[in-house]
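Below you'll find the structure, written out as structure tokens, and then a few comments.
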Amino acid sequence: AMACGTPVIGSRVGGIPEMVEDGVTGFLVPPSDVDALAERIRWVLAHPEEANRMGQRAREFARRFFSPQAYLQGYAQLFQTAKSLLQGSHRRAAADV
């Protein structure tokens with residue numbers, strides 16, 4: 001939805017709150033709260049211009065967050081962390097000998 005420029009309406013569970021900025025790129029509602037979900041859907045339909053701006057901010061977030069550069073940076077950090085952990089583990093094993 002974000003990549004298509006659509007404001008997201010998601011539940012406050014798992015990693016969703018890390019992706020959706022409430023009131024900025026979409027809305028967050030409590031899990032299983034059908035009334036809150038319906039309220040946010042009605043808001044989006046009743047405020048198309050504001051929802052469009054929210055969707056554009058969502059698209060920009062998705063463009064940055066899922067960019068090749070962001071993935072490369074994330075993998076580089078992951079590999080650096082793994083390398084550090086493995087080197088530390090190797091040093092501890094050598095010290096135990």
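Couple of notes before you dig in:
- Long-range neighbours under 8 Å by Cβ, at least six apart or interchain, first residue over 15 Å from Val8 (Cβ atoms) within region 59-73, second open to solvent by 100 Å² or more (accessible area, probe 1.4 Å): Ala70/Arg64
- Selection of region 66-80 for residues being in a helix (DSSP H, G or I), open to solvent by less than 70 Å² (accessible area, probe 1.4 Å) and out of contact with any helix residue (DSSP H, G or I) (no Cβ under 8 Å at 6 or more places or on another chain) yields Gly74, Ala76.
- For region 11-65, a tally of residues being among the small types (Gly, Ala, Ser), in contact with a strand residue (DSSP E or B) (Cβ under 7 Å, 6 or more places away or on another chain) and part of a helix (DSSP H, G or I) returns 2.
- Failed condition for Asp35, given (1) modelled with pLDDT of 95 or more; (2) surrounded by 10 or more Cβ atoms within 10 Å (Cβ to Cβ): (2)
- Residue within region 38-58 that is open to solvent by less than 70 Å² (accessible area, probe 1.4 Å) and within 13 Å of the chain's Cα centre (by Cα) present: yes
- Within region 1-10, the set of residues being open to solvent by 50 Å² or more (accessible area, probe 1.4 Å) and assigned to a strand (DSSP E or B) comprises Ile9 only.
- Any hit, region 13-36, residues being of a type in the set (Ser, Thr, Tyr), in contact (Cβ under 8 Å) with a residue 24 or more places away in the chain and touching a Gly at 6+ places or on another chain (Cβ under 7 Å): no
- Looking only at region 11-30, residues that are touching a Ser or Thr at 6+ places or on another chain (Cβ under 9 Å) and open to solvent by 70 Å² or more (accessible area, probe 1.4 Å) come to 0 in all.
The values are calculated or read from the model by the stated rules, or taken from the named source; none is laboratory data. Model, not experiment: these values are computed from the prediction. Cβ sites come from the backbone with ideal geometry, for glycine too, and all protein chains shown count toward neighbours. Areas reflect the complete protein model, heavy atoms only, side chains present, ligands, DNA and RNA absent. Shrake-Rupley method; radii C 1.70, N 1.55, O 1.52, S 1.80 Å.
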